[in-house]
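Working notes for the structure below.
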Amino acid sequence: MPKVAAIGSKDVVLAFKALGITAASVSSPDEARQKIHELAKQQYAVIFITEDLAESVSETISRYKTETLPAIIPIPGASGSSGLGMKHVRANVEKAVGADILFNNSKEEG
Amino acid sequence: MALMNVNPTRMEMTRLKRRLKTAARGHKLLKDKRDEMMRRFVLLARENARLRVEVEQALSGALGEFALCSGVMDPAMLEEAVLYPARTVDLKIGKANIMSVDVPVIEVDDASLQDTQLSYGLAETSAQLDGAIEGLANVLPQMIKLAEIEKTCNLLADEIEKTRRRVNALEHVMIPDLQDTIRFITMKLDENERGSLTRLMKVKDMIAARDNN
């Protein structure tokens, strides 16, 4: 059964636990890294990770970037978005197109 | 502009010409692939950016509310309340193929979303918790959708980059090199022919001069 998981600080993942999402509360980047590998091995399809953690374990995330699953998605924490997720989207566009063609659009929207 | 290290023979030239033909054909195909992938990618990337803005806004709101609850409620109680969730998230995972890139198709099982029973007693929990969880549950389908699209974008971007490199390598290295080498062999063969022709003429002159004497 493919599943969803959330990695983040305790108070954030608790919220996801109420939805039936596997919640992994971690306190350090090392722990998060280990958890990501563990979850990926267990065939989790989607792993949400809070932005502050995603930033510190970016190399682990990029390792799974070219695999079909799991999809590791940075989400904003309780303190609001730091723009990291959007940065990833933009980096993608830049990588594919060679220039940031969405920048103006997304600026208007957000 | 680098000549390949080949023997200037007719056979080698035939071989190279065949390779040039394959390279040109491959170049055209890859270019088409790149263009189509780019078209799809731009559509997806736009959707991705839109969805992310939406999800981030909704999620910050819902999580903020949840943080408020945890302020109001006893932490142990809160943990207890969400310990055995009534909801489960069931996903259906499929695979789609976009221009020979395997991308996941992730769908939330609708049945798992319908269940809105509360899994905790009303006495110990704050009323805000209900709202916060409700709010989160509403964002969840969008989050899953975002996960699917973002992953697809990641994979496509990677593949586009690879394809673009291949196209460029063919266009700017492989094909010019082959053309140059073929031209070199043609020149060399022509030169040899001219060489042997003049030699023959010279020999003929020599023979004519000897016979006249």
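The values are calculated or read from the model by the stated rules, or taken from the named source; none is laboratory data. Computed from a prediction, not measured in an experiment: that's the story for all the values here. Glycine also receives a Cβ, built like all others from the backbone with ideal geometry; neighbour counts cover every protein chain displayed. Just the protein is used for accessible areas: all its heavy atoms, side chains included, with ligands, DNA and RNA removed. Shrake-Rupley method; radii C 1.70, N 1.55, O 1.52, S 1.80 Å.
Put a dot 7 Å past each Cα toward the Cβ at A:Gln43 and B:Glu191; how far apart are the dots in nm?
6.6 nm
Could you tell me the relative contact order of chain B? Use alpha-carbon pairs under 8 Å, at least six residues apart, and round to a whole percent.
Reported as a whole number, the value is 38 percent.
Could you please state, rounded to a whole Å, how far the C-alpha centre of the stretch A:33-54 is from the C-alpha centre of the stretch B:69-83?
25 Å
What does the C-alpha gyration tensor say about the overall shape of the stretch B:50-202? Classify as rounded when a/c is under 1.5, otherwise prolate if a/b is larger than b/c, or oblate. Spell out each step's value before the answer.
Details: a/c = 7.05, a/b = 4.72, b/c = 1.49.
It is prolate, given that a/c is not under 1.5 and a/b is the larger ratio.
Treating cross-link reach as a plain straight distance, find the lysines whose alpha-carbon is under 23 Å from the alpha-carbon of B:Lys188, omitting any fewer than eight places away in the same chain.
In chain and number order, the partners are B:Lys17, B:Lys21, B:Lys202.
Given a 1.4 Å probe and the protein chains all in place, what does the accessible area of B:Thr22 round to, in Å² to the nearest 10?
Counting only protein heavy atoms, B:Thr22 exposes about 90 Å² to solvent.
Could you order A:Asp11, B:Asp180 so the one with the most accessible surface comes first? Probe is 1.4 Å.
A:Asp11, B:Asp180
Let me make sure I get this right: for the stretch B:33-102, a, b and c are the square roots of the gyration tensor eigenvalues over alpha carbons, sorted descending. Under 1.5 in a/c it's rounded, otherwise prolate if a/b > b/c, else oblate. Which is it?
Cα axes put the stretch B:33-102 in the oblate bin.
Based on alpha-carbon positions alone, could you give the equivalent ellipsoid semi-axes of the stretch B:6-62 from the gyration tensor, as √(5λ), descending, whole Å?
Gyration-tensor ellipsoid for the stretch B:6-62: 52, 10, 4 Å.
Once the Cα atoms of helix A:84-97 and of chain A are each reduced to a long axis, what angle between those two axes, in degrees from 0 to 90 to the nearest 10, is obtained?
50 degrees
Amide H neighbours of B:Ile98 under 5 Å, at least 5 residues apart or on other chains, H built in the peptide plane: list them.
HN-HN under 5 Å from B:Ile98: B:Val103.
Using the charge dipole of the stretch B:96-213 (Lys, Arg: +1 at Cβ; Asp, Glu: -1 at Cβ; taken about the Cα centre), state which of B:Ser100, B:Leu170, B:Ala157 has its Cα farthest towards the positive end.
Checking the options against the dipole of the stretch B:96-213, the answer is B:Leu170.
Quick one: of A:Lys3/B:Lys162; B:Lys33/B:Lys95; A:Lys3/A:Lys95; A:Lys41/B:Lys33, which pairs are farther than 22 Å apart, Cα to Cα?
Beyond 22 Å between Cα atoms: A:Lys3/B:Lys162; A:Lys3/A:Lys95; A:Lys41/B:Lys33.
With +1 on each Lys and Arg Cβ and -1 on each Asp and Glu Cβ, how big is the dipole of the stretch B:27-159 about its Cα centre, in debye rounded to the nearest 20? Present the calculation step by step, with values, prior to reporting the outcome.
Details: 14 positive and 23 negative charges, 215 e Å.
My answer is approximately 1040 debye.
I want to verify the translational diffusion coefficient of the protein assembly as shown in µm²/s; compute it with Stokes-Einstein, Rh as the Kirkwood radius over Cα pairs, at 37 °C and 0.692 mPa s.
It comes out at roughly 139 µm²/s.
Taking the full set of protein chains and a 1.4 angstrom probe, give the accessible area of B:Arg15 in square angstrom, rounded to the nearest 10.
Result for B:Arg15: roughly 110 Å² accessible.
Could you tell me the center-to-center distance, by alpha carbons, between the stretch B:150-186 and the stretch B:12-54 in angstrom?
Taking the Cα centre of the stretch B:12-54 as reference, the centre of the stretch B:150-186 is 9 Å away.
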